[in-house]
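Here is the structure we will look at, set down as structure tokens.
All of the numbers you see were taken from the coordinates with simple rules; none came from a lab. Model, not experiment: these values are computed from the prediction. Cβ atoms come from the backbone with ideal geometry, glycine included; neighbour counts cover every protein chain shown.
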Amino acid sequence: KQEVTQIPAALSVPEGENLVLNCSFTDSAIYNLQWFRQDPGKGLTSLLLIQSSQREQTSGRLNASLDKSSGRSTLYIAASQPGDSATYLCAASYSGAGSYQLTFGKGTKLSVIP
Amino acid sequence: SAVISQKPSRDICQRGTSLTIQCQVDSQVTMMFWYRQQPGQSLTLIATANQGSEATYESGFVIDKFPISRPNLTFSTLTVSNMSPEDSSIYLCSVRDYEQYFGPGTRLTVT
């Protein structure tokens, strides 16, 4: 059974700092890995998706990397802003029961202090 | 990308009652997914809903408790039956295109 772990559970940084969020997964036979953002009481917003054949993806100030051999992914946020404050979830997708299913980590709650 | 809407956005229900959550997608999709997010926890898949067939439930979830309808390729409902306080969660509808997309969620509180 795939397990996804995110460390740390919470992170507080001053505005402008660069930061890295970590995600590890137990089964390297993933189809892809997706990073989401969740604001309090809201649904999930997709940030980046990395296919199993890719090493990284970039969108604006966000860069996500994937290392299947070590079972790790990182989300790098450059020049953090207070608006980046949210919970960040990673989810590993794998093939099962005729469809691709996501296994989520518990998330990292990020607070960016002005 | 897919745009997903859910109704209701939130509700407070009494123990023993049932609530039906609606999910509408702006495009036709083969599979729709229902997730639950309990307080302080991550998302757990409840079931996968295919149009024209019975939903496939994950371990720990049963049809009698969470009946699902999928009448067409853009719509699905999830019913939470005979509710107890332990059912208080955010329920999210999701679809997969190239990426996985989620609705805004339904926040359910059972008293």
Sort out which residues of segment A:31-45 are in a strand (DSSP E or B), within 10 Å of chain B (Cβ to nearest Cβ) and under 14 Å from B:LEU43 (Cα atoms), and write them in order of number.
A:GLN34, A:PHE36, A:GLN38, A:LEU44, A:THR45
Of all residues in segment A:1-13, which are within 14 Å of chain B (Cβ to nearest Cβ) and either more than 17 Å from A:SER93 (Cβ to Cβ) or surrounded by 12 or more Cβ atoms within 10 Å (Cβ to Cβ) (or both)?
A:GLN2, A:GLU3, A:VAL4, A:THR5, A:GLN6, A:ILE7, A:ALA9, A:ALA10
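Let's see how each residue does on (1) buried (at least 16 other Cβ atoms within 10 Å of the Cβ); (2) in contact (Cβ under 8 Å) with a residue 12 or more places away in the chain; (3) within 14 Å of another protein chain (Cβ to nearest Cβ); (4) outside any strand (DSSP E or B):
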site	(1), (2), (3), (4)
B:PRO71	no, yes, no, no
B:MET83	yes, yes, no, yes
B:LEU92	yes, yes, yes, no
B:VAL95	yes, yes, yes, no
B:PRO104	yes, yes, yes, yes
Positions within segment A:68-108 being assigned to a strand (DSSP E or B) and over 29 Å from B:MET31 (Cβ atoms), in sequence order
A:THR74, A:TYR76, A:ILE77
Meets criteria (touching a residue at least 60 places away in the same chain (Cβ under 8 Å), more than 14 Å from chain B (Cβ to nearest Cβ), more than 28 Å from B:SER59 (Cβ to Cβ) and not in a strand (DSSP E or B)) for A:GLY16
yes
Name the one entry in A:ASP67, A:ASP27 that is free of Cβ contacts under 8 Å to residues at least 40 places away in the same chain, of a type in the set (Asp, Glu), away from chain B (no Cβ under 11 Å) and over 25 Å from B:GLY105 (Cβ atoms).
A:ASP67
Filter result for the condition that a residue is in a strand (DSSP E or B) and surrounded by fewer than 20 Cβ atoms within 10 Å (Cβ to Cβ), over A:SER111, A:SER28
A:SER111
Qualifying strands (runs of 3 or more DSSP E) (wholly inside segment B:1-58; at least 2 residues being more than 12 Å from chain A (Cβ to nearest Cβ)):
B:10-13, B:19-25
If I ask for residues that are surrounded by fewer than 16 Cβ atoms within 10 Å (Cβ to Cβ) and part of a strand (DSSP E or B), which ones from segment A:47-64 would you list?
A:GLN51, A:GLU56, A:THR58, A:SER59
